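> This structure is in structure tokens; I'll ask about it shortly.
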Amino acid sequence: MKITPAAVGTDQAPAAKEAFYQTKRFRQNIPLFAMLIPGVLYYLIFRYAPMGGLVIAFKDYNFHDGIWSSPWVGWKYFEILFQSNVTLQIIWNTLNLSVLNLVFGFPAPIIIAIALNEVRKTWLKRWIQTVIYLPHFLSWVIVAGIVLTLFSIEGGTVNKLLGQWGGEPVPFLYRADSWIAIFIGSGMWKEMGFSAIIYLAALSSIDPSLYESAGMDGAGKLRQIWHITLPGIRPTIILLLILGVGRLMEVGFDQVYNLQNPTVLEKAEVISTYVYKVGLQQAQFSLTTAMGLFESFVGLVLVLSANALARKFDQGLF
Amino acid sequence: MFGQTFTSRMKFALALGLSAVMAAGVVGCSQAETGTKGKSERKATITVSNYDRGNIPAAEGTVEENRWTKWINERSPVTVKFVPVARAEAVRKLNVMFASGSAPDIVNDYDTGFRNSLYQQKQLLPLDDYLQYAPEYQKLLEKYPQLRKVGTKPDGKLYEIGKINEPHLQSVAFIRMDWLKKLNLEVPRTTDELLDVLRAFVEQDPDGNGKKDTYGTNMSYTSGGMIDSMFGSYGWKLSDDDKIVRTWDNTLESLKFKKTLFEEGLIDKDYLADKNGAKAKQDYLNGKIGVFLPPAITNWFENTVTDIQTLRKVVPEAEIAPMEQPKSPMGQFVHHVVNPVQMTTVINAAAKDPKAAMEYINFIIKPENALILKKGIEGEHWRKGEDGFPKVIDPEKNAKELDWAMDYSMFYSIPENPLLISTTAFDVSDPDQKAGLEMLNKADEFLLNPEAQYPALSHYEHMPSLPSELVVINTNIDKEIQDIYAKGIIGGAQYTAEQAIADAKAAWEKGGGKQIEEFMNTWYKENKEIAFLGKDILELVRSQH
């Protein structure tokens, strides 16, 4: 029993290898392969080829010698990176903001999706869904403007209300803790509605008969959510969590660049904004490439370990 | 099977061959075309960077295409394509263009450090062999040897095109005299008096609308530098024993002053959100700011005539006067001055036609062409006044059609053309313009105060450029220190200015600032005789008045 499928496999494999492009299966699928080509080219040209440029992290890059002929300097820029207070602080800030983003931002769309799923009136559900995913389409420049009108010291809506209740104005945007809260909050406000869509899709694939039988067995709403809904969307949650962990070292440039101001830079300067300000403004291409490479490397390690962890629970992505 | 493969291979080979022939044909054609182009009288084409300050009215077009680019291209011996570079992002944008090999042939930028980094990376073309194509600039070099001295790089070759500037202040404070009169106050002479005046401007409702909606002054964007210069807080200064030292004490006083401004609400508390100073300027023009510190004055006529006319549309009784820097606990300083010998322009080493580039520069700096690019067309934008000098016909029309076009001739030496000098632009038969000229003259007099020192070691464009390994250190510490200072201003009672300076000093020590101090002092020892320092600037500028 066990031998037969293996034997069949070995019989077929060399035949297939001989001339796969001549088989009927290949010829039938030529249109599909053709459609694959642009995608492959996209990744080769825009994702893989630029990685060659990473060598400048180990070189003293200058315009004249170009990427390939600039002199090698080994680990010099990584040494600078890990000896300087500023760069260490920036790496730490990046990690700090993205962990907070993950902790608060990740569960939000799940909760929203489950809550929306329980709404019985279709028109209400549709309406709420539209309203909460609308902010996704606003640019960060606009959101930063909204944040400023809400939280500035003079003329900010929140401080005006505080003033009416007799409170002193609070410099929300200029204190590290409140700035971080605003940063995380604005990110959640903007993206949670849109991210909920994928969970809603997963929820619709759960067999309604499960709820019916659970209801007959006397399970309340919360029980049903805990034992049917959550396990039903578990693969989706884990998939998105692994992807989310992979992005842990990235803080979206647009968001942080538009929201930050000099007083909170100590906590708000992240790798992407530093690369922009120092790498491009001051032409420190090699130093900032080293930083970007480090960022990607940590990201890779995190994805692999998150996946390894998930595989232990039979939910691995690859 | 074999036959099939064979024929398909044949087809393939044929197709390849065909396409190769076609490609060759195309190449052949294009070669023939360029061949004929060269022979005919077609102009060479060059690319030139130009600041995009976002101030061109939509009806006038863009940096690339407007009435002045058309004017230039109709008359210039070369065809010019302008490459817009957003002013605030100029260095970033140009760096990216150089890195990707798409930088323009002529690069116009005021940033000395940036141009030095281009030189160090061998991106600049030595100009000595091409000067013959720009006889106008050759003449200028003979007249002003300083231009050659400053434009020459360590390898002894000339790389930079520059200009002689008029000897005026880089910026000056404008104070609302009508507010002072109304509240029975005097023009402040010291920084303490200034604080008292600012407090009165905020608390005593000088605009008389019954609301507490006025600001004492502004310090968003680079206006904070005006406060630093009251205290001589610049980063570096010469000590009594003739060494270059940090200005910690000066910075402490300046920081205390700024902290007071912030804590007592004498400035807009959201000044950090005003990233380009536009909000402050708007507040000033709406009559809400008592002592306006302009980030920089590039056009005196605009600041002393046009702006005041705008302000008077809102507040008809507004009176403005320039204010001398108040004396601070650290001494009496002047304002920064415009760099008297300023480099602006370099040519890309990869430029295909350096001769055409130099011919273009020569075309722009011909006095008759510069006159049109700076003043507009006679009879349309200006007419000859009784004194024989050009006078603006309609400032509003010029604001719409002309004032944004100054960067096309940014390497032109204004003092070279008597028709262009700032002081002659004012039409003294017009009371507003007469007052404007008086303001300019009064501001110039501040420079002559023999007691006053220059507020910096030198003009920043004449500071030595750090070697690349120190640049990284400097960038990182400077960033850390600036963040600390910002916190020192806003941090309230828990984070005092003294604490901020102590932290900044510690960050300086820890980050390797000593290496930069050593470099500065070695440089000073070796270049003491030729360095162009604050006192030299003052001497030169005073001699021009």
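> Restricting the search to the range B:434-450, which residues are over 10 Å from B:Leu169 (Cβ atoms) and either in a helix (DSSP H, G or I) or in contact (Cβ under 8 Å) with a residue 60 or more places away in the chain (or both)?
Hits for the range B:434-450 are B:Lys434, B:Ala435, B:Gly436, B:Leu437, B:Glu438, B:Met439, B:Asn441, B:Lys442, B:Glu445, B:Leu448, B:Asn449.
> Can you say whether B:Arg115 is under 25 Å from A:Asp65 (Cβ atoms) and either part of a strand (DSSP E or B) or of a type outside the set (Val, Ile, Thr) (or both), as far as the supplied structure shows?
Against the criterion (under 25 Å from A:Asp65 (Cβ atoms) and either part of a strand (DSSP E or B) or of a type outside the set (Val, Ile, Thr) (or both)), B:Arg115 qualifies.
> Given the conditions (1) under 30 Å from B:Asn527 (Cβ atoms); (2) over 26 Å from the mean Cα position of the chain (by Cα); (3) charged (D, E, K, R); (4) away from every other protein chain (no Cβ under 12 Å), which single one is not true for B:Glu469?
Unmet condition: (4).
> Please go through the range B:147-177 and pick out each residue that is surrounded by fewer than 16 Cβ atoms within 10 Å (Cβ to Cβ) and within 17 Å of B:Ile320 (Cα to Cα).
B:Met177
> State all residues of the range A:273-289 that are touching a residue at least 24 places away in the same chain (Cβ under 8 Å) and either among the charged types (D, E, K, R) or more than 11 Å from every other protein chain (Cβ to nearest Cβ) (or both); if no residue qualifies, say none.
Matches in the range A:273-289: A:Thr289 only.
> Looking at A:Ser205, A:Ser272, A:Ser296, which is the one that is in the same structural domain as A:Leu138 (by TED's automatic domain parsing) and more than 30 Å from A:Gly185 (Cβ to Cβ)? Even if it seems obvious, please write down each step before you answer.
Numbers: A:Ser272 fails: more than 30 Å from A:Gly185 (Cβ to Cβ); A:Ser296 fails: more than 30 Å from A:Gly185 (Cβ to Cβ).
Unique residue meeting the criteria: A:Ser205.
> Within the range B:426-451, track down each residue that is open to solvent by 10 Å² or more (accessible area, probe 1.4 Å), closer than 21 Å to B:Val541 by Cα and among the hydrophobic types (A, V, I, L, M, F, W, C).
B:Leu437, B:Met439, B:Phe446, B:Leu448 - these are the residues of the range B:426-451 that are open to solvent by 10 Å² or more (accessible area, probe 1.4 Å), closer than 21 Å to B:Val541 by Cα and among the hydrophobic types (A, V, I, L, M, F, W, C).
> For a quick check of your reading of the model, give me the residue pairs whose first member lies in the range B:460-473 and is at pLDDT 85 or above, whose second is open to solvent by less than 40 Å² (accessible area, probe 1.4 Å), with beta-carbon atoms closer than 6 Å and at least 6 apart or on different chains.
Close Cβ pairs satisfying both conditions: B:Glu461/B:Thr112; B:Glu461/B:Asn339; B:Leu470/B:Ile516; B:Ile473/B:Gly512.
> Hey, another quick one. Has the range A:79-101 got at least one residue that is assigned by TED's automatic domain parsing to the domain that holds A:Gln255, over 19 Å from A:Tyr274 (Cα atoms), free of Cβ contacts under 8 Å to residues at least 24 places away in the same chain and loosely packed, with under 15 Cβ neighbours inside 10 Å?
no
> On to the next question. Exactly one of (1) in a helix (DSSP H, G or I); (2) within 14 Å of chain A (Cβ to nearest Cβ) is unmet by B:Asn398. Its number?
Status for B:Asn398: all satisfied but (2).
> Please work out which one of (1) surrounded by 14 or more Cβ atoms within 10 Å (Cβ to Cβ); (2) in contact (Cβ under 8 Å) with a residue 24 or more places away in the chain; (3) not small (Gly, Ala, Ser) is the condition B:Tyr495 fails and give its number.
Checking B:Tyr495 against (1) surrounded by 14 or more Cβ atoms within 10 Å (Cβ to Cβ); (2) in contact (Cβ under 8 Å) with a residue 24 or more places away in the chain; (3) not small (Gly, Ala, Ser), the one that fails is (2).
> Here is a check on your reading of the model: is A:Ala181 over 30 Å from A:Gly316 (Cβ atoms) and open to solvent by 50 Å² or more (accessible area, probe 1.4 Å)?
Taking the combined requirement at face value, the residue satisfies it.
Each row is one residue, and each column tells you yes or no for (1) more than 22 Å from A:Tyr257 (Cα to Cα); (2) in contact (Cβ under 8 Å) with a residue 60 or more places away in the chain.
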site: A:Ala113; (1), (2): yes, yes
site: A:Thr122; (1), (2): yes, no
site: A:Ile142; (1), (2): no, no
site: A:Gly155; (1), (2): yes, no
site: A:Asn159; (1), (2): yes, no
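> Of the conditions (1) out of contact with any Gly (no Cβ under 8 Å at 6 or more places or on another chain); (2) within 30 Å of A:Ala202 (Cβ to Cβ); (3) open to solvent by 70 Å² or more (accessible area, probe 1.4 Å), A:Leu134 satisfies every one except a single condition; which number is it?
(1)
> Looking at A:Ile206, A:Ile225, A:Ile238, which is the one that is β-branched (Val, Ile, Thr), open to solvent by less than 60 Å² (accessible area, probe 1.4 Å), at pLDDT 85 or above and in contact with an Asp or Glu (Cβ under 9 Å, 6 or more places away or on another chain)?
A:Ile225
> Being in contact with an Asp or Glu (Cβ under 9 Å, 6 or more places away or on another chain) and either open to solvent by less than 20 Å² (accessible area, probe 1.4 Å) or closer than 30 Å to B:Leu440 by Cα (or both) is the filter here, so list the residues in the range B:503-540 that pass it.
The answer is B:Ala504, B:Ala507, B:Trp508, B:Tyr524.
> Now for a different question. Do you know which residues across the range A:147-165 are open to solvent by less than 70 Å² (accessible area, probe 1.4 Å) and either part of a helix (DSSP H, G or I) or more than 22 Å from A:Met188 (Cβ to Cβ) (or both)?
Step one: filter the range A:147-165 for residues open to solvent by less than 70 Å² (accessible area, probe 1.4 Å), giving A:147-148, A:150-159, A:162-163.
If the condition is that a residue be open to solvent by less than 70 Å² (accessible area, probe 1.4 Å) and either part of a helix (DSSP H, G or I) or more than 22 Å from A:Met188 (Cβ to Cβ) (or both), then A:Val147, A:Leu148, A:Leu150, A:Phe151, A:Ile153, A:Glu154, A:Gly155, A:Thr157, A:Val158, A:Asn159, A:Leu162, A:Gly163 are the ones that fit.
> Hey, A:Met249 hits all of (1) under 19 Å from A:Leu102 (Cβ atoms); (2) out of contact with any Asp or Glu (no Cβ under 6 Å at 6 or more places or on another chain); (3) outside any helix (DSSP H, G or I) but one; which does it fall short on?
The one condition A:Met249 does not meet is (2).
Here's the yes/no breakdown for (1) under 27 Å from the mean Cα position of the chain (by Cα); (2) at the interface with another protein chain (Cβ under 8 Å from one of its Cβ atoms); (3) within 23 Å of A:Val275 (Cα to Cα):
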residue	(1), (2), (3)
B:Ile477	yes, yes, yes
B:Glu480	yes, yes, yes
B:Gly488	no, no, no
B:Gly511	no, yes, yes
B:Lys514	no, no, no
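The values are calculated or read from the model by the stated rules, or taken from the named source; none is laboratory data. Just so it is clear, the model here is predicted, and its values are computed rather than measured. Note that we place each Cβ from the backbone using ideal geometry, even for glycine, and neighbour counts take in every protein chain shown. To get the accessible areas, we keep the full protein, side chains included, count just its heavy atoms, and leave off ligands, DNA and RNA. Shrake-Rupley method; radii C 1.70, N 1.55, O 1.52, S 1.80 Å.
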